[in-house]
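As structure tokens, the structure follows; a few thoughts come after it.
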């Protein structure tokens, strides 16, 4: 990656950007994790409640995929928020979100407008799948990352 500090129009902002880098990285990770947990909360309370929905998308048996969806959203979100097992949690979330992109864009026929939120969330979770939890994560504190 190019050293952007040397190319700043206002070089004095470089130190501010450097100080805010890790906290904003963590902030995005926590927000994404909490959002996934919030979205999965109802599903974790009723893990078989989405059986019909997942089967309508071709995921059989729904009795397997509905609880898997609930666990991925709720507990995957928790892991992402905490920054522990960040990459596996983010990969799982990205897969779920890719399915929601397909659902909204193709199956529901909503096109880009219907899938836009899922696309943004998938991009965020893909970012953490590639980059991990960052310096302010439990993965880094425990010195164990996948």
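Some observations on this one:
- Filtered by the rule that a residue be under 23 Å from residue 85 (Cα atoms), surrounded by fewer than 19 Cβ atoms within 10 Å (Cβ to Cβ) and free of Cβ contacts under 8 Å to residues at least 24 places away in the same chain, the range 103-126 gives 119, 120, 123.
- With respect to the conditions (1) part of a helix (DSSP H, G or I); (2) touching a residue at least 24 places away in the same chain (Cβ under 8 Å), residue 54 lacks only one, and its number is (2).
- Test: residue in the range 40-53 that is under 13 Å from the mean Cα position of the chain (by Cα) and under 23 Å from residue 90 (Cα atoms): yes
- Filter result for residue 49 (modelled with pLDDT under 95, out of contact with any strand residue (DSSP E or B) (no Cβ under 7 Å at 6 or more places or on another chain) and part of a loop (DSSP other than H, G, I, E, B)): no
The values are calculated or read from the model by the stated rules, or taken from the named source; none is laboratory data. None of the values given here were measured: they were computed from a predicted structure. All Cβ positions, glycine included, derive from the backbone under ideal geometry; neighbour counts span all protein chains shown.
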